[in-house]
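The values are calculated or read from the model by the stated rules, or taken from the named source; none is laboratory data. Note that the structure is predicted; figures quoted are calculated from it, not measured. Backbone-built Cβ (ideal geometry, glycine too); neighbour counts: all protein chains shown.
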Amino acid sequence: MATEVTTDATTAKTATNDAAALPRERRDALDAALPDELIETRESREAGDAAQGARASSRLVSLDVVRGLTIAGMILVNNPGTWSHIYWPLEHATWHGWTPTDLIFPFFLFIVGVSITLALGRRVEAGGSKRDLYLKIVRRFVLIYAFGFLLATFPFVKTDQVDFTQGFWNGVKTLPHGVAALLAVVRLTGVLQRIAFCYLFAALIFVKTNWRTQAIIFAALLVLYCVVMTKVPAPGYAAGDLSKEGSVASFVDRKVLGNHIWKGGDRIYDPEGILSTFPAIATTLLGVLAGHWLRRRKDDYEKVAGLFFAGALLVVAGWCWNPFFPVNKSLWTSSYVLFTGGLALQLLAVCYWLIDIKGYVRWSLPFRVFGVNALAVFVLTGLMARVMTIKEWWNFTRTDGTTGANLQTYIYQHAFASWLSPNNASLAFAVCFILLWLGLMGILYRKKIYIKV
């Protein structure tokens, strides 16, 4: 979700003066990354038109870059050539602990939180009726959840329950059975569904409270979740059992979601489950708080230092909590929130310093391309991956001579595994998948088409 950032007079003055102080080549590079409004703001100030500069709006380019980095990471880890051959950094931790892959989702939720503050801040400060603002928040929640449900249900039938081998009309007759079979087991949670709920609650909290209350809610969510997870036993298990089967979060998911739970974990837990959504909201609120810091009338270098120092403190705090409540992505533990949130703060600080202060933007173009159309590329890549892997739709020949391979298996085996080692072939497939979509989304970027909800 690309987010517009409105700046006040002081921020506009600082941004334009900083840009004017850059060397000409870096200044030109920054112009290429920014919307016309910001460039016009700077030029108007250079011409002496301070009033126009104070009213102008701009986009925080580093925010798009970090968002694009996370989306590129999501595409990379979600689309290997084969799940049987993956380098360990591109896999999630088996349970407790973390890998680089476990940083991607919390980083994205953190950026959602930052975007909430920057996008809605001026409207909240303006006062007056917030009815339209609430409607916008709810509408965005519904749309994001709907896209998640689309990915979960596509192609809208359980394909192994639909049979077209006996003729077209016979296949049509089996469609209702295929739809019913799908709805009986379709997953109600997921990545986009969690993003939707985190956005909804974080945005409503932002609109209704000030930053101090938001910080208290952030801390309270982490402490209460830790208490529930370590002191409340799931039936048949001891209090503090944090195993896949025995955690209270896993029990709630099994009890409430039933057949609609994530099937990848043998239906005993859900990595985007119900209880673990509450600390995920805390991750988003941390982004909201970072957005408050970025909007303050402070020197840019002070902002960077604040983000980086706060990130370091959270990383240390997360590891201090780890022995008592282990870092765990699937449970979204409180230590995991602090640890990943700290790293997200530091990543944003580095990108803000490099891009928005120093003007080094050329390297970030691929990530800007993904970042300004993040939701669109996530949904479209998910649909394409689903199409390529529906086994009932394809009947290609494998390299061993057997038939029945889906499109992804065929491409992986013939274009990559035929000349690369299994792990390298799987990685090469994922990289080419990213490059394909980078090219497609680059067309939209060049035409300045930004798909928003």
Of the residues that make up the range 60-71, is at least one on the phi < 0 side of the Ramachandran plot, modelled with pLDDT under 95 and out of contact with any helix residue (DSSP H, G or I) (no Cβ under 8 Å at 6 or more places or on another chain)?
no
So, first residue within 15 Å of S426 (Cα to Cα) and not assigned by TED's automatic domain parsing to the domain that holds L438 in the range 69-81, second residue modelled with pLDDT of 95 or more and of a type in the set (D, E, K, R), Cβ within less than 7 Å, six or more apart or across chains; the pairs are none
Among (1) of a type in the set (A, V, I, L, M, F, W, C); (2) under 30 Å from A119 (Cβ atoms); (3) in a helix (DSSP H, G or I), which single condition is L275 missing?
(3)
Flagged in the range 286-334 as under 27 Å from G190 (Cβ atoms) and among the charged types (D, E, K, R), in numbering order, are K329
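Is there a residue being touching a Phe, Trp or Tyr at 6+ places or on another chain (Cβ under 6 Å) and in contact (Cβ under 8 Å) with a residue 40 or more places away in the chain anywhere in the range 393-410?
Going residue by residue through the range 393-410, those that are touching a Phe, Trp or Tyr at 6+ places or on another chain (Cβ under 6 Å) are 396, 405-407, 410.
So of that shortlist, the ones also in contact (Cβ under 8 Å) with a residue 40 or more places away in the chain come out as none.
No, every residue in the range 393-410 fails to be touching a Phe, Trp or Tyr at 6+ places or on another chain (Cβ under 6 Å) and in contact (Cβ under 8 Å) with a residue 40 or more places away in the chain.
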Would it be correct to say that L407 is modelled with pLDDT of 95 or more, aliphatic (A, V, I, L, M) and either outside the structural domain of A152 (by TED's automatic domain parsing) or out of contact with any His (no Cβ under 8 Å at 6 or more places or on another chain) (or both)?
no
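Can Y450 be described as under 22 Å from the mean Cα position of the chain (by Cα) and among the hydroxyl-bearing types (S, T, Y)?
Working: under 22 Å from the mean Cα position of the chain (by Cα): yes; among the hydroxyl-bearing types (S, T, Y): yes.
Yes: the conditions hold for Y450.
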Residue satisfying condition, being in a loop (DSSP other than H, G, I, E, B), surrounded by fewer than 20 Cβ atoms within 10 Å (Cβ to Cβ) and on the phi > 0 side of the Ramachandran plot, within set R297, R267
R267
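Of the residues that make up the range 321-332, is at least one within 30 Å of L438 (Cα to Cα), over 17 Å from the mean Cα position of the chain (by Cα) and without any contact (Cβ under 8 Å) to a residue 40 or more places away in the chain? Even if it seems obvious, please write down each step before you answer.
So the first thing to find is which residues in the range 321-332 are within 30 Å of L438 (Cα to Cα), and the list is 329-330.
Now restrict to residues that are over 17 Å from the mean Cα position of the chain (by Cα): none.
No.
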Residue under evaluation T99, criteria (1) within 17 Å of the chain's Cα centre (by Cα); (2) in the same structural domain as S421 (by TED's automatic domain parsing), criterion not met
(2)
Is it fair to say G342 is closer than 30 Å to G240 by Cα and assigned to a helix (DSSP H, G or I)?
yes
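Applying the selection to the range 188-215, what residues are among the β-branched types (V, I, T) and touching a residue at least 24 places away in the same chain (Cβ under 8 Å)?
First, the residues of the range 188-215 that are among the β-branched types (V, I, T): 189, 191, 195, 205, 207, 209, 213.
Result: T189, V191, I195, I205, V207.
On the given criteria, is F309 under 23 Å from F107 (Cα atoms) and in contact with a Cys (Cβ under 6 Å, 6 or more places away or on another chain)? It would help to see each step written out before you state the result.
On the way: under 23 Å from F107 (Cα atoms): yes; in contact with a Cys (Cβ under 6 Å, 6 or more places away or on another chain): no.
Criteria not met by F309.
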Residue by residue through the range 433-448, note down the ones that are free of Cβ contacts under 8 Å to residues at least 60 places away in the same chain and over 17 Å from G382 (Cβ atoms).
L435, G439, I443, R446, K447, K448
